[in-house]
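Values in this text are rule-based calculations from the coordinates and carry no lab data. For clarity, every value in this text was computed on a predicted model and none was experimentally measured. For neighbour counting, all protein chains shown are included, and Cβ atoms are generated from backbone atoms with ideal geometry for every residue, glycine included.
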Amino acid sequence: MRTIVAIGGGEIGGSIFDKEHKIIGFHDIETTKIDQEIIKLSQKKTPNTLFIPTASWDNPGYCASFQKQYGEILGCKVKDLLLLSAPSKEKIKTAILEADIIYVGGGNTQFMLETWKKFGLLPLLRKAYEKGTILSGLSAGATCWFEKSSTDSFLTKEDKTDFEKAKEKLAIMDGLGYLEGIICPHYLKEAYRRPAFLYQMKNINLKGYGVDNNAALVFIDEQLKGIIKSAPMAKAFEIFSNNGIVTEKELIL
């Protein structure tokens, strides 16, 4: 089976920084139920799990949080693929093709995809997907698998507080196209996302998905088969556009 788990957002225990960028604590882990289901889908007790944190510029704190969650707590064999350290082609190939689960972290989608192309990841990821490796990820790591995604990679902090700016600058980005449609992460968590995405959808002739933090869509052989929630109020939606009229339907599977 070809499996993708797309997580709208949520904390995996990452670092909390002060104004001087010193670590002063850690976020709670919010995605455990989703993480457990990803591991179950591998049908292995201790799956080889590859974390690709390119979108966060290979943030070491993010890597440590993932290692703790998937390694120490959930019992996987975890490796990181840190592209910014320029690993060899053979090391990249081995890491991707030996993985039972590939988990892509959140961050800047545009930077991530450009870096993947530079290092030749695209055919390797496709090969892994076709042979049954579970592809998963959060935010940028979820949206990359679709035809297109709604990304805030080009917004400033000020833009995110102003709907009029956000709706114009929230960008539509091409993804890898493993899954049909367009997706928007953090759908309810970040106040500007939902109204800006619904505005965008007026001119998009694709099925849309709005996925909240702590919600994940499960696709088997490119068909939506389920939703996993790690918080009771987390939601996901299908969005359709017909002649500029946008409709939204909560997904309950």
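Among the trypsin sites (Lys or Arg not before Pro) within segment 198-253, those in coil by DSSP and having at most 12 neighbouring Cβ atoms inside 10 Å are K202.
Annotation for segment 116-201: chymotrypsin sites (Phe, Trp or Tyr not before Pro) lying in DSSP loop with at most 11 further Cβ atoms inside 10 Å of their Cβ do not exist. Summing Cβ point charges (Lys, Arg +1; Asp, Glu -1) relative to the Cα centre of segment 3-250 gives a dipole of roughly 440 debye. For segment 123-170, GluC sites (Glu not before Pro) meeting the loop criterion (DSSP other than H, G, I, E, B) and having at most 10 other Cβ atoms within 10 Å: E158.
Label points 7 Å out from Cα along the Cβ direction at I172 and F26: separation in nm? A separation of 4.1 nm, rounded to one decimal place. Residue separation of T94 and I220 scaled by 0.36 nm, minus their Cα-Cα distance, works out to 42.9 nm of gained length. Of the cross-linked pairs K127/K189; K77/K249; K68/K229; K44/K79, which ones have a Cα-Cα span greater than 28 Å in the structure shown? K127/K189; K77/K249, as the Cα separations exceed 28 Å there.
Placing +1 on the Cβ of every Lys and Arg and -1 on the Cβ of every Asp and Glu, with nothing else charged, gives segment 137-212 a dipole about its Cα centre of roughly 140 debye.
DSSP bridge analysis restricted to the chain gives an antiparallel fraction near 55%, rounded to the nearest 5. Placing +1 on the Cβ of every Lys and Arg and -1 on the Cβ of every Asp and Glu, with no other charges, gives segment 49-158 a dipole of roughly 320 debye about its Cα centre.
Per-residue ellipticity at 222 nm computed for the chain from its helices equals -7500 deg cm²/dmol, with DSSP H segments shorter than 4 residues left out and the rest contributing -39,500 (n - 2.57). Let me know the shape class of segment 53-124, please: from the alpha-carbon gyration tensor, a ≥ b ≥ c as square roots of the eigenvalues, rounded when a/c is under 1.5, otherwise prolate if a/b is greater than b/c, or oblate. Oblate is the answer for segment 53-124, as a/c is 1.5 or above yet b/c matches or exceeds a/b. From the Cα gyration tensor of segment 17-80, with a ≥ b ≥ c the square roots of its eigenvalues, which class applies: rounded if a/c is under 1.5, or else prolate if a/b is larger than b/c, or else oblate? Note, shape of segment 17-80 comes out prolate.
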